[in-house]
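Written out below as C-alpha cells is the structure these notes cover.
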Amino acid sequence: MMLPFDMPGIKKSFLRFSKGTYNWISGLLRLLKRAALAFLTFIILFLLIDLIFPVHNDIRYSKLILSTDNKLLNAALSSDQQWRMKAEIKEVNPLLLKTLINKEDRWFRFHPGVNPIALTRALWQNISSGKRVSGASTITMQVVRMLKPRKRTVANKFLECFKAIQLEMHLSKNEILGLYINLLPYGGNIQGVKAASFLYFAQQPQALSLAQIVTLAIIPNDPNHFRLGIHNQRIVKERNFWLNKLSKRGIFDKQALDDALAEPLNAKRYDAPKQVPHLARLLTRMYPDNPVINTFINPGIQDFVENTVSNEVIMYRGMGVGNAAVVMIDNHTHAIIAYVGSAGFMESQFQGQVDGASSLRSPGSALKPFLYALAMDRGLITPKTILQDIPQNFNGYRPLNYDETFRGRLTASQALALSLNIPAVDLANRVGVDLFNEKLSHGGLKWIGERKKTLGLSVILGGCGVTLTELTRLYSCLAAGGINYPVRFTQADAMQVADTLFSPQATWMIHEILTGLKRPDLPNNFENSVNLPHIAWKTGTSYGRRDAWSFGYNPEYTVGVWVGNFDGTGVPELSGADFATPVLFKIFNYLAFNQKPSWFNRPTGLDFRLVCSESGLPPGESCTNLVMDDYIPAVSPNRKCDHQVPVFVNENADISYCRSCLPQAGYRTELYPNLSPGLIAFYEEEQIPYRKIPPHNPLCNRVYHNDSPVIASLTDGKEYILYANAKQQLQLAFTATSDVTEVYWYINDKFFKEATRGQKLFFTPTAGMIKISCSDDKGRNTDIVVKVSFL
Ligand SMILES: [Zn+2]
Ligand SMILES: [Zn+2]
C-alpha cells in the first residue's frame, strides 16, 4: 500500500535538504508543508469516501413489549426474521462485557478500530505459515463483518479495516460494544446476548451467572458447532477451558471459578413470550420504529383479568356468546395497566385474533352518564329534577325502555340509574345534540368526532361506533373529576396537560347516582350478595343485543368490559347487566384485596338545598313535600316550582273560570297539578287517574286569539329516533277550536289524509327533515318541521 510518506515529492525535498545547509530551514518548512498537505489530502480522501460510502449501522430488531416492571411480555421476530432483541449496555451484566473484551480484543478501549500490532503479527504468521490464519480482528472489525458479511479475501480484510476506522470515527466505544452484543451469533436465527439469554436460559441478561456469561462469550466463535441445547456437553468443556484461562488473567476470583466450573449447563430452546398479543400488535402499529416498548401493564392484574375473561366466556359460549374484552386504566397515571382483546388469541373458531378492545361497536346506553353530567353543567338538571318517561307518539315498535314500560314522572337520578331512553333523548334534545357530540369527540371518541356534523340524537341510544379503550378512557375522566387526560399506552407517552370535560361538581353527582344499588343493571346473582365492590358503574346493551358493556370506576382504577360476538351476531339473553357486569365485579373484588377502601371527596362548590319533590325545583308557595338535593349555585335551575296552579272554580269544582268570566255570585281558588300536554295524553292513554282541571265555563265568551289547529302529537323542531326495520310510524293528532270538524294533513307539502276530530292517523317517515302541515276546514293552517333518524 502506498503510504503518504512514500510520495516522491517528499524524497526530493529530503535531497534538497541534505545538499544545501544554508537553506535547510526553508527545506524543512517545505517538507513539513508537503507532509501536512499529504496528511490533509489523506484526511479529505478518507472523509470523502466516508461521505460516499457511509457506515450502515442500522439493525432491524425484534419488537419487545415490556411490562411496567420491565419484564418481557411479548417478543416478535425482526423484519428480517431474526430473534435479535435490543439490549442496552447497562442491561448487560458488566462481567459479560469484561469477559468478551478480555477474550476477543484486550486493547478494544484504546485502538482506533484496527490493532496495528495484532495486524502485523497476523500478517507475519500468514506469510511464515503459508496458510491463511484468521485473527487480529478487533471487536470493531467483527462488528463490521456482522453488519455486512463479506467473503474472506485480503482485499475485503483491508476494506473491513477501513470500515472499522470509519465506525470508530462515528461511534463511541460503548456504542460499538452495544452493536457487538446485539449482533453476536448464537445459532439459527438467534442473535445478540439478550435473545440468547431469553431463548436459551429464559433469563434477563442482567441475571446471568458467571458460567452462563462465559458460555455466551464462547458460542459466537463457532455457533453451529456449539449449539445450545444440542451440544451442551461440548460447550461445557470449552466453557471450563475458558473459565480457567480467564481466571488466570484475574477477571474473577478462585471461589467464583469453582462455583462456575461446578454449574451444570441446563440450556434449552425456550419459546419467546407471547403475552398481551393484541396490545403487542396495536403498539407495533402505533410505534413501528421502537424496538423496545415499555408499557404500564401490571403482570399480576393482567393475568387475573385474562383468566377471568376466559373462564366467564367458557360459560357464555353455551348461550351463543363467544367473546369478551377488558381494558383497565390506572386513574393516577392515566395508563393502561391491563388489556385483553379476546378470550383466547389462538382460538380461530371464535376469531380470537380480533382485538375486541379496539374494535368499533355500538355503546348502547353506556354514553348516558356523560349526557347527564353535561346537562348538570348546563344548568338543566340536578339529581332530583323531575323528568318525564312517557311514550312519544309512535305506532308499532316504540323506543321502549329495557323493561318495555313507561314510568311517567321520575327524578333524573332514577332516570339515569334505570337507564331510561325517553328522558335521555329529551335531555339530549335540550342540551343540544351538537354540544353533546362535541364533548364526546373531545373526550376521545374518534368515530363520533369524524361525523359529529351529521350525527343526530341517536348517539345517546348507541347509534354510533366506539371502542372499548376509548370509552373506558372516557369513564376514567369521570374518576378524574371531569379532567380529560389522554390515555397512556407506553411509558414514552408523557402525562399531558389536560383540559376539563365536566365540572368536579357534576362528576361527583354522577358518582353518587352510579353507585346506587337500586337499579336494573345489577346482575341477577348479585342481587343479594354482600360482595358488591364499592364502585360507580354503568352498563350498556346495544340495539339487537349484539354488545354487552359494563364500565366501573373507583378513585384508583377504571375498568371497561365488552361481551359479544366478533361477527356481530345478537343473542336474545345478552345484556350488560348479566354478561359484562359479573366480569367487572370480579375484577374489582380482586383489586379490593390489595387496596384500602377510599372514595371521592365531595368537591367544594357543590351545595345542598331543599327542593319540591314534585319538580326538583326550589319550592313555590304551594309546595309542601320537600326533599334535600345537591346543586351547583349559580348553575343549577333556580326558578320556583309551579307544580300546582291556582284555578278559579265554582262551589262543586265542576266548572272553571277565567278572569273574564268570573261569576258575581262567587267562586273559589283551587290548586291543580300543572301537567304537560304530553303527560296528560299519557295518563289518558294508560287510564292513570289524575286531578283534572274542570271544564271551562260554557257561558264564557273568551276570545281565542290563535285558533289555527295545534299539532299535538309531534313537537316542532324536535328529533325523533326510530329503530331501523321496526316498521315504526309517527302519529298525527291535532286539537282545534270547536267550529272545526275536519282537518287535512300534508307531509312535505304533499296531501296525506283527512281526519275528523279524535281520529288517530299514522305515517311511515323517512330519515331527514320532514315538514308536517295541518289545515282545518276553515282554511287555517299550522306547519311544523321535525327531524327523523334511524338507529
Ligand atoms: Zn312544587
Ligand atoms: Zn272564561
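Could you give the C-alpha radius of gyration of the chain expressed as a fraction of 2.2 N^0.38 Å, taking N as the number of residues it contains?
Here the answer is 1.46, to two decimals.
What ³J(HN,Hα) values, in whole Hz, does the Karplus curve 6.51 cos²θ - 1.76 cosθ + 1.60 give for region 118-127 when θ = phi - 60°, with x put for Gly and Pro?
Residue by residue, region 118-127 yields 5, 5, 4, 4, 5, 4, 4, 5, 4, 5 Hz.
For the chain, give the magnitude of the charge dipole about the Cα centre (Cβ charges: +1 Lys/Arg, -1 Asp/Glu; no others), in debye to the nearest 20.
5720
From the residues Gln302, Leu699, Gln255, which one has its Cα farthest along the dipole of the chain in the positive direction, the dipole being from +1 and -1 charges on Cβ of Lys/Arg and Asp/Glu about the Cα centre?
Of the candidates, Gln255 comes out farthest on the positive side.
What's the magnitude of the charge dipole for region 61-183 around its Cα centre, counting Lys and Arg as +1 and Asp and Glu as -1 at the beta-carbon? Answer in Debye, nearest 20.
500
Report the label-to-label distance for Cys658 and Phe593 in nanometres (one decimal), using points 7 Å from each Cα along the Cα→Cβ vector.
Distance between label points: 7.3 nm.
Sequence gap at least 6, Cα distance under 8 Å: using those rules, report the relative contact order of region 557-691 to the nearest whole percent.
Computed value for region 557-691: 14 percent relative contact order.
Rounded to the nearest whole Å³, what is the per residue volume of the convex hull around the Cα atoms of region 604-723?
Cα-based convex hull of region 604-723, divided per residue, equals 210 Å³.
Determine, from the Cβ-Cβ distance of Met769 and Arg451 and an R0 of 25 Å, the FRET efficiency 1/(1 + (r/R0)^6), rounded to the nearest 0.05.
Once rounded, the FRET efficiency stands at 0.90.
May I ask for the angle, rounded to the nearest 10°, between helix 173-183 and the longest principal axis of the chain, with both axes built from Cα atoms and the value confined to 0 to 90°?
80
Could you tell me the extents of region 145-291's C-alpha atoms along the three principal axes, largest first, rounded to whole Å?
Largest to smallest, the principal-axis extents are 48, 47, 27 Å.
Report the gain in length on full extension from Met346 to Asn701: 0.36 nm times residue separation, minus Cα-Cα distance, nm rounded to one decimal.
Gain in length upon complete extension: 119.6 nm.
I need the calculated FRET efficiency for the pair Ala35 and Lys90, taking r as the beta carbon distance and R₀ as 56 Å, to the nearest 0.05.
That gives a FRET efficiency of 0.80.
Skipping prolines and chain starts, which residues have an amide H placed within reach, meaning under 5 Å, of the one on Ala335, given they are 5 or more residues away or on another chain?
Counting only residues 5 or more places away or on other chains, the set is Asp330, Arg488.
I'd like to compare 319-332, 168-181: which one has the highest average count of other Cβ atoms within 10 Å, and what's the full order after that?
Listed from highest to lowest mean packing, they are 319-332, 168-181.
Which peptide among 257-268, 54-65 comes first, and what is the full order, when sorted by highest mean count of other Cβ atoms within 10 Å?
Sorting 257-268, 54-65 by mean packing, highest first, produces 54-65, 257-268.
Give the cross-link partners of Lys750 among the lysines, using a straight C-alpha distance below 16 Å as the criterion and excluding same-chain residues fewer than 8 apart.
Lys750 reaches Lys771.
How large is the convex hull of the C-alpha atoms of region 288-332 per residue, in Å³?
118
In the P(r) worked out for region 566-615, what percent of Cα pairs fall beyond 13 Å?
77
Grab the other residues whose beta carbon is less than 15 angstrom from that of Asp630, score K and R as +1, D and E as -1, and report the net.
In short, -1.
If the viscosity is 0.890 mPa s and the temperature 25 °C, what translational diffusion coefficient in µm²/s does Stokes-Einstein give for region 293-438 when Rh comes from Kirkwood over Cα pairs?
134
With charges set only on the Cβ (+1 for Lys and Arg, -1 for Asp and Glu), what does the dipole of region 205-249 come to about its Cα centre, in debye to the nearest 20?
180
Sequence-distant or interchain residues sharing an amide H contact under 5 Å with Arg602, placed H: which?
none
Among Lys194/Lys274; Lys446/Lys718; Lys103/Lys148; Lys63/Lys194; Lys368/Lys787; Lys98/Lys245, which pairs are too far apart, with a Cα-Cα distance over 18 Å?
Lys446/Lys718; Lys103/Lys148; Lys368/Lys787
With each pseudo-label sitting 7 Å past Cα toward Cβ, what's the Lys173-Glu684 distance in nm, one decimal?
Going from the Lys173 label point to the Glu684 one covers 9.7 nm.
Tell me, what ³J(HN,Hα) does each residue in region 626-634 have, in order and in whole Hz, if you take phi through Karplus 6.51 cos²θ - 1.76 cosθ + 1.60 with θ = phi - 60° and put x for Gly and Pro?
Ordered by residue, 3J(HN,Hα) equals 9, 10, 7, 9, 7, 7, 9, x, 6 Hz.
Sequence gap at least 6, Cα distance under 8 Å: using those rules, report the relative contact order of region 645-707 to the nearest whole percent.
The value is 41 percent.
With an 8 Å cut-off on Cα pairs and a minimum separation of 6 or more residues, tell me the relative contact order of the chain in percent.
Value for the chain: 9 percent.
Of Ala118, Gln644, Gly229, which is farthest on the positive side of the dipole of the chain, counting Cα position, with +1 on Lys and Arg Cβ, -1 on Asp and Glu Cβ, and the Cα centre as origin?
Positive-end residue among those listed: Ala118.
Once amide H atoms are built 1.01 Å from N in the peptide plane, which residues 5 or more positions from Phe752, or in another chain, come under 5 Å H to H?
Trp745, Tyr746, Ile747
Taking each pair of different alpha-carbon atoms in region 39-141 once, compute 1/r for the pair, average those values, and report the inverse of that mean as the Kirkwood hydrodynamic radius in Å to one decimal.
Kirkwood radius, region 39-141: 17.8 Å.
Stretch Ala498-Ser622 to full length: gain in nm at 0.36 nm per residue minus the Cα-Cα span?
My answer for the length gained is 40.0 nm.
Taking the 0 to 90 degree range and rounding to the nearest ten, how far is the long axis of helix 94-104 tilted relative to the main principal axis of the chain, both from C-alpha atoms?
Between helix and principal axis, roughly 40 degrees.
Label 7 Å along Cα→Cβ of Thr741; region 753-768 residues with amide nitrogen under 12 Å?
The answer is 756-757, whose backbone nitrogens lie closer than 12 Å to the label point.
Rank Met286, Ser362, Ala202 by how far each Cα sits towards the positive end of the charge dipole of the chain (+1 on Lys, Arg Cβ; -1 on Asp, Glu Cβ) and give me just the farthest.
Going by the Cα projections, it comes out as Ala202.
With N residues in region 146-192, what two-decimal value do you get for its Cα radius of gyration over 2.2 N^0.38 Å?
After normalising by residue count via 2.2 N^0.38 Å, the value is 1.28.
Run the quick spin-label model on His332 and Lys98: label points 7 Å from Cα toward the beta carbon, then report their separation in nm to one decimal.
3.9
From the phi angles alone, apply the Karplus equation (6.51, -1.76, 1.60; θ = phi - 60°) to region 454-464 and give each ³J(HN,Hα) in whole Hz, x where the residue is Gly or Pro.
9, 6, x, 5, 4, 3, 5, 9, x, x, 6
Readers should treat all values here as calculations from the given coordinates under stated rules, not as data from a laboratory. Bear in mind the structure is a predicted one, so any value in this text is a computation, not a measurement. For neighbour counting, all protein chains shown are included, and Cβ atoms are generated from backbone atoms with ideal geometry for every residue, glycine included.
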